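Asker: Mind having a look at this structure? Questions to follow.
The values are calculated or read from the model by the stated rules, or taken from the named source; none is laboratory data. Fair warning: this is a prediction, and the values are worked out from it, not measured in the lab. Don't worry about glycine lacking a Cβ; one is built from the backbone with ideal geometry, like all the others, and counts go over all protein chains shown.
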Amino acid sequence: MATKADFTEEQWTKIVEAPVSAGLAISLLDMGVVSFIKEFSALTKAVLAAKRDFADKPLVSAVIAEFEAKSSDQNGEGPSQKKTPGQILGELAEVIAVVRSKAPAEEATEFAKFLFGISQQVAAASGSGFLGFGEKISPAEREFLGQLRVALGL
């Protein structure tokens, strides 16, 4: 079982930021005010649902606990550095590589599934078309999800 103590401070920070990054990358693909609000809400709901769904997974539970603590400390502040979905994809690949190097295989796979699930839920939160009521997952989002699946080793 991997814990915070198994990672450097910098690695742990990136691990804790990974769920937000996984959702943010999807939001950046089809940016719009309505879609962003729906997708941000879906990100929060996905993490809270994962709290229940991954309750018996110590690494995911620890990340969610820190996510919740940081969310309440930041008072709604978003990431300060602008990144492209491609950059975020690379960062997520690095995060999962670190997790796979220090956590048991099953635990690392569960963490990868957690991140992928967040991206999927955010992608399905808002559709294209008038006020986001069209197709739920855009071609760009579908392509990104395919790339993310590969990057996470799923």
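Asker: Being at pLDDT 80 or above and in a loop (DSSP other than H, G, I, E, B), is that true of even one residue in region 58-81?
Answerer: The answer is no; no qualifying residue exists.
Asker: Would you pick out the residues in region 11-32 that are surrounded by fewer than 20 Cβ atoms within 10 Å (Cβ to Cβ) and either farther than 18 Å from Lys83 by Cα or polar (S, T, N, Q) (or both)?
Answerer: Of everything in region 11-32, those that are surrounded by fewer than 20 Cβ atoms within 10 Å (Cβ to Cβ) and either farther than 18 Å from Lys83 by Cα or polar (S, T, N, Q) (or both) turn out to be Gln11, Trp12, Thr13.
Asker: Six or more apart or on different chains, Cβ under 7 Å: which pairs go from a residue in region 128-154 that's under 30 Å from Arg100 (Cβ atoms) and at pLDDT 85 or above to one that's among the charged types (D, E, K, R) and in a helix (DSSP H, G or I)? Could you list them?
Answerer: Leu154/Lys113
Asker: Can you pull out the residues in region 82-127 that are hydroxyl-bearing (Ser, Thr, Tyr) and either more than 14 Å from Phe144 (Cβ to Cβ) or modelled with pLDDT of 95 or more (or both)?
Answerer: Residues satisfying the conditions are Ser101, Thr109, Ser126.
Asker: Moving on. Does Phe54 meet the test of being farther than 22 Å from Ala151 by Cα and either at pLDDT below 90 or surrounded by fewer than 19 Cβ atoms within 10 Å (Cβ to Cβ) (or both)?
Answerer: no
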